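Quick one: this structure, given as structure tokens, is what I'll be asking you about.
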Amino acid sequence: MTLSRRRFIGAVGAGSTGLILPFAAGCDNAGHSDGAVQSGDVPLPARFSLPFKRPPVIQPTSSEGTTDYFDVRAFTTKAEILPGVQTEIFGYNGTFPGPTFSVRKGRTAVVRTRNDLPVPMVTHLHGGKTPAESDGYPTDYLLPTSGWTASAHTMHHAGMAMAGATAQGTRNYTYPNLQRASTLWYHDHRMDFTGPQVWRGLAGFYLVHDEEEDALPLPKGDRDVPVMIMDRAFNSDGSLAYPSIDPTLKTTPGVTGDAHNGMTGDVILVNGVPWPRFEVQGARYRLRLLNASNSRRYRVRLDPEPGSGDPFTLIGSDGGLLAQPQGMNSIYIVPGERFDVIVDFGRYAPGTKITMTNSLGDGSTAELMQFVVGAKAGDDTSVPARLSTLERLDPAKAVRTRSFTLARNSESGHYVYKINGYPFSTDRSWADIKRGDIEIWEFSSTTHHPIHLHLSPFQVYKRGGSTTLEPEDVGWKDTARLAPNQKLSVLVRFSDYTGKYVFHCHNLEHEDMAMMANFTVT
Ligand code: C2O
Ligand code: CU
Ligand code: CU
């Protein structure tokens, strides 16, 4: 069985499913891949043939004082992702990805959300400092308007459904936006079903702006560009391929076959467009890179690189601006992470075609998108040597160190991903923390896991025992790469809100298979 002909052959061990999914067999339009699920016999566009697109920006429906009200409705619809092909998606306001929020620090956003999907949903603002009741705890379900009968969860989370604060039809999410300018995103977080629901389209940008950032001479407006990178695979009938045990997403969670390790596909989408082509002016652009993939990691590069200087100038990460810019040849980005970079296309001759590549990919996943450089344009932007002032959390002030080991176990016919030996349970707390405390959290594993903490941004303290930080690690983070056999220590201050929150692996299949844990701030 070759990679391009791989098939899913059911869950590990006991043949609980035995199904063979129809999308894997010999396809010749995707090139070789890296163990990814291959799209079926559906025409994929030539790379860089489709125009780059920005998701629509959502406007408030109304405003009152310092609060803006937004209306979002999630529903099943069709999108033309592949030219001439209709693909069923789960869309926020009907688009894939969902609309971009552009909010100001200090103005509260109330997102009135209506669930017209056939399944429960949960919205989480990733990177948001959000009160617990609006954070999208995995069992704080927003049930479908059409009604819902709780079905038995037959896998690892049996009996745990309906533990949270459940609403039906509509509910409000309130985001205070009392945080610095940053590139956040929102996505579905339904217990056990986050992987397939994000895969179907439930993800969007959420940009926080503030005066500090506005005052800097960085590229703005049309030259401030969200870039959501994700991989997908398509079935022969044009539907999104995802090997759910129950494709209706109503009963049994989980995936079949090798997707246990994390689902990857052979088609790269940038803002929902397969391998787009972006006509840029010869000027500086700010690219807000977001890895919204379920489990794929990328090392992003430019080909060709500019004749002089670094291809990228890194100016920000998950939690906003860095203290100073860093020149970078490549950006390593794991699921859930964001990196804001400046690329000066003015350094390329007009007409140059620059491919944004992924050196961790292979064949169709080794290329992400293309920039076509236009005429040199007026550009009064610059990247100041000092971007912001960053407080460094002091390890000497940490009141304790907690250690977390992430590992996969095979249990009675399926995999369970555990943190310190326990699969996620809504009523177990892995850490009880006093509000305001600084702690050191250490993570270890023998395999890759993007670690994500809700509520409290952190700073990388040590990686593999070294306090010399990699450029990707220097800013405020909410997600970080945990690499095999390389202990990751982070410093985190649990301020802001009290309550029960989760931290988890942001490989969404690992998360759905229980690699998640509660922490409680009191
Ligand atoms: Cu982006 Cu708890 O997730
Ligand atoms: Cu989050
Ligand atoms: Cu993981």
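Read-outs throughout are calculated quantities, based only on the coordinates presented, and are distinct from any laboratory measurement. A quick note: this is a predicted structure, and the numbers were derived from the prediction, not measured. Positions of Cβ are generated from backbone atoms using ideal geometry, with glycine treated the same way; all protein chains shown enter the neighbour counts.
Testing the spin-label approximation: label points 7 Å from Cα along Cα→Cβ at residue 469 and residue 88. State their distance in nm.
4.6 nm
Okay, next question. Each residue of region 373-381 in order: what ³J(HN,Hα) in whole Hz does its phi give by Karplus 6.51 cos²θ - 1.76 cosθ + 1.60, θ = phi - 60°, with x for Gly and Pro?
Using θ = phi - 60°, the values come out as 7, x, 4, 4, 10, x, 8, 9, 8 Hz.
Can you give me the convex hull volume of the Cα atoms of the chain, divided per residue and expressed in Å³?
Dividing the Cα hull volume of the chain by its residue count gives 141 Å³.
Follow-up. Tell me, what ³J(HN,Hα) does each residue in region 390-397 have, in order and in whole Hz, if you take phi through Karplus 6.51 cos²θ - 1.76 cosθ + 1.60 with θ = phi - 60° and put x for Gly and Pro?
Result, ordered by residue: 10, 6, 9, 5, 9, x, 5, 8 Hz.
Obtain the nm distance between the two label points defined at residue 434 and residue 214 by a simple spin-label model: each point lies 7 Å from its Cα along the Cα-to-C-beta direction.
Taking the two extended label points, one gets 3.9 nm.
Could you work out the helix-only [θ] at 222 nm for the chain, with each DSSP H run of four or more residues adding -39,500 (n - 2.57) and the total divided by the number of residues, to the nearest 500 deg cm²/dmol?
Helix-only estimate at 222 nm: -500 deg cm²/dmol.
Sticking with this one: For residue 323 and residue 59, what is the calculated FRET efficiency with R₀ set at 25 Å and r taken between the beta-carbons, to the nearest 0.05?
For R0 = 25 Å, the calculated efficiency reads 0.15.
Something else about it: Provide 122, 474, 373 in ascending order of the number of other Cβ atoms located within 10 Å of each residue's Cβ, fewest first.
Taking fewest neighbouring Cβ atoms as first place, the list is 474, 373, 122.
Could I ask something else about it? Read phi for every residue in region 38-46 and hand back ³J(HN,Hα) as whole Hz from Karplus 6.51 cos²θ - 1.76 cosθ + 1.60, θ = phi - 60°, with x for Gly and Pro.
8, 5, x, 8, 10, x, 8, x, 4
If I take every Cα pair under 8 Å that is 6 or more residues apart in the chain, average their sequence separation and divide by the length, what percent do I get for the relative contact order?
Value for the chain: 15 percent.
Please go through the residue pairs 53/78; 397/462; 105/487; 434/487; 129/418; 353/477 and name each one whose alpha carbons sit more than 23 Å apart in this structure.
Result: 105/487; 434/487; 129/418; 353/477 exceed 23 Å.
Set the Förster distance to 41 Å, then compute FRET efficiency between residue 407 and residue 178 from the Cβ-Cβ distance, nearest 0.05.
For residue 407 and residue 178, the calculated efficiency is 0.65.
Give the long-range amide H neighbours of residue 294: residues separated by 5 or more places, or on another chain, with amide H under 5 Å away, using H modelled in the peptide plane at 1.01 Å from N.
Placed amide hydrogens put 231 under 5 Å from residue 294.
DSSP beta bridges in the chain, what fraction antiparallel, as a percent rounded to 5?
Close to 70 percent.
Based on the Kirkwood radius over alpha-carbon pairs, what value in µm²/s does the Stokes-Einstein equation return for the translational diffusion coefficient of region 62-213 at 37 °C and 0.692 mPa s?
My calculation gives 204 µm²/s for D.
Which Cα, out of 145, 124, 109, lies furthest along the positive dipole direction of region 105-145 (beta carbon charges, K/R +1, D/E -1)?
109
Which distance in nm do the two modelled labels at residue 377 and residue 108 give, with both placed 7 Å along the Cα-to-Cβ direction?
Each label point is offset 7 Å from its Cα along the Cβ direction, giving 3.8 nm.
Where in the chain lies the longest segment free of GluC sites (Glu not before Pro) that are both loop residues by DSSP (not H, G, I, E, B) and have at most 13 other Cβ atoms within 10 Å?
Result for the longest clean stretch: 81-390.
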